[in-house]
Structure formats: structure tokens, C-alpha cells
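One structure is given here, and the rest of the page talks about it.
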Amino acid sequence: MNAPSSPYRGRFAPSPTGALHFGSLVAALGSWLRARHAGGTWIVRIEDLDPPREIAGAANGQLAALSAFGLASDEPVIWQHDRHDAYAAALQQLVAERRAFACWCSRTDLQRSGGLHRSPCVAAPDATRAPAWRLRVDDETIGFDDVVLGRYEQRIAEAVGDFVIRRVEGHFAYQLAVVVDDAAQGITEVVRGADLLDSTPRQILLQRCLALPTPAYLHLPLALDADGRKLSKQDQALPIRPDDPLPALRRALTFLGIAPQQLQGLHTVDALLRQAVAAFDVAAIPRVGSIVHMRHGLS
Ligand code: GLU
């Protein structure tokens, strides 16, 4: 496919917690199509922030699967394990501005306040053990206009409370890392699954606290299993088959609103992708997820 030239910058950011499944393929393709349609750049970022949940070799397997589906990062792949200094600097900035604070509250302490953390802490500082670091959330509503789903608003203080940005075990939280990296990589639009819709207000709040730009957001419908649940890498949702990419590629493109007739007679990954870029229309992306019958595979 052609080299990118316009300022549009998108990304696909899988966590290496298992093999890519149909839902991940939809997110990868949706973000890639949007970038290609805009003549922009598409970047892959491996979100390996959480070693206990990661599976050895999964990231390389994901990259190999993406390449079998014709999706290669336009720039070198960024790995979050290389980015700890940037996350630490962001945390330091938030602490210096008194937006982030150390918290020793236990789960039981939080249960007593309805499961959410609200400043001030119940637990006293304890120099003998590491704290979690949280962002102090004021009582305000944060909203944004999703490209597909329209207006979404959240009162973060009520929905999630003061949220963790660095965990007791020392790992930086997804919410902080994603904001730091999207800004560092100059991402202009985030395209991802609708399961992350309710994380977006937290990310916008962090962008404001860190004086970073807010990209546009486009949340894609979720592929659901026969029980109506989101497919998940951890649940071993059926992995896509890199050795036989065409059936899953067709299904994913159709899932994103491209009419099957437009894909007829095309029998290579490259031909399907070329046609998909021409046929892709953001207005045709469905707003709600649909069930993908996976029991017998994707062919
Ligand atoms: N790493 C996240 C995941 O695999 C996605 C992050 C994002 O797209 O913002 O669910």
C-alpha cells in the first residue's frame, strides 16, 4: 500500500495477553482503514505494561498475524516496556501539581466508601509498604463527540472515583501510559473497540492535567460471542488464522460496514485491502456490535 503523507496519525495498540481474535482484527482493520482512507500513518504499539497478564511470545505472534492480514506498522513498533521513563515523568508532573497522590487504602477501605476512592484517603501513609498512585478527580462531567457513537459524557468522580495511575506493584496503569504514548506519537485519532468507550473520559482528563492535546475518538462496535459477550483474548476467544487470512478478513470488513458484494471476486489479502480502502465509509460502520458465530471457526 502507498506510503502515508497526510497529518492523520492512527494506531492499533494490542496488549500481548493472548493471540489476536476476531474482535482485535476488527479494531486493527478499522484503525488501519481510517488511516489509509485519510492518506495518513498507521502505527502499531505493543501495550506490554502488565507482565502478570502477558503471555510469552504473544506480542510477536500478534505482529506476525497482523502482517499475514496485510497490516504492517508504517513506523517502528513501540513497546511500552521501553517507555517507563516517560510514564514516570508524567506521574511526577501530576504529583508536583498535586493532581496525583500516594494512596495506601486497602480494598476493604474502598468497599466502605462504595467501591470508589474519594479523597481524602481513609488509610494513613505507611512508610513500610508501597502506595498506589491515584489521580484526584473533581466533580465535573467530561464529554466528547465520538465519530461513530456521538456524544458520550461521564462524571468520573461518580463512575470510577480517584483512579489508579501507578499500581502498588509498581506497574504504570493503562490510562496513564496510553495518554502519554498517544501524545508522544502524535496520534490525531484513536480508533478502538467500544469496550474502551468508558475509559475515554479518564484519558481526556489526564490529557488536560498534563496539558496534552486530545485526539478524536472513534469506537468500533464489538464482536460478541453467541452469549452476547465481548470476545476476549483471555477467554481464549477463537484466534484468527494467519495461515488462512481471507475468511476472517472478509468477515471483518463486512463487520465494518463494507458490503460483501464489493469484496466479491477478490482472492488475495492485498486485493481485498485495496478494495476496502476504496469502499470504506465511516457512516456505514454499525453503531452496535453483532454476534459472530465462532463455534465452527470463521470460514
Ligand atoms: N491495549 C488495549 C487493549 O488491548 C487497547 C488500548 C487502546 O486502544 O487504547 O485492550
So the angle from the long Cα axis of helix 245-255 to the longest Cα principal axis of the chain, reported in degrees to the nearest 10, equals 70 degrees
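For the chain, what is the charge dipole size about the Cα centre, in debye to the nearest 20, if Lys and Arg each add +1 at the Cβ and Asp and Glu each add -1 at the Cβ?
Working: 31 positive and 32 negative charges, 50 e Å.
Here the chain has a charge dipole of around 240 debye.
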Between residue 282 and residue 151, the two model label points (7 Å from Cα along the beta-carbon direction) sit apart by a distance in nm of 1.9 nm
Got a sec? Charge dipole of the chain, +1 on Cβ for Lys and Arg, -1 for Asp and Glu; which of 113, 19, 215 is way out at the positive end? 113
Would you be so kind as to identify which of 161, 33, 174 lies farthest towards the positive end of the dipole of the chain, taking Lys and Arg as +1 and Asp and Glu as -1 on Cβ and the Cα centre as origin? 161
When the chain is treated as a Gaussian network with springs between alpha carbons less than 10 Å apart, the largest mean-square fluctuation among 123, 19, 28 is found at 123
The ³J(HN,Hα) series, computed from each phi in the stretch 74-84 with the Karplus coefficients 6.51, -1.76 and 1.60 at θ = phi - 60°, rounded to the nearest Hz and given as x for glycine or proline, is 6, 10, x, 5, 8, 10, 5, 5, 8, 10, 4
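Run through the DSSP bridge list for the chain and note the antiparallel percent, rounded to the nearest 5. Walk me through the intermediate numbers first.
Working: 16 of 30 bridges.
Counting only bridges with both partners in the chain, antiparallel ones make up about 55 percent.
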For the chain, averaging the sequence separation of alpha carbon pairs under 8 Å that lie six or more residues apart and dividing by its residue count, the contact order in percent is 22 percent
Can you give the FRET efficiency to the nearest 0.05 for residue 198 and residue 122, using r as the Cβ-Cβ distance and R₀ = 25 Å? 0.50
Distance in nm between label sites at residue 81 and residue 97, each 7 Å beyond Cα in the beta-carbon direction? 3.1 nm
Would you please give the residues with an amide H less than 5 Å from that of residue 220, counting only those at least 5 places away or on a separate chain, with H modeled from the backbone geometry? 192, 193, 194
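How many percent of DSSP beta bridges within the stretch 144-262 run antiparallel, rounded to 5? Write down the numbers at each step before the final one.
Values: 5 of 10 bridges.
The antiparallel fraction comes to roughly 50 percent.
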Quick one: if you stick a label point 7 Å off each Cα along the C-beta vector at residue 168 and residue 227, how many nm between them? 2.9 nm
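The numbers here are math on the coordinates, done by the rules we state, and not lab data. Note that the structure is a prediction, hence the values are computed from the model and not measured. Note: ideal-geometry Cβ built from the backbone for every residue, glycine included; neighbour counts use all protein chains shown.
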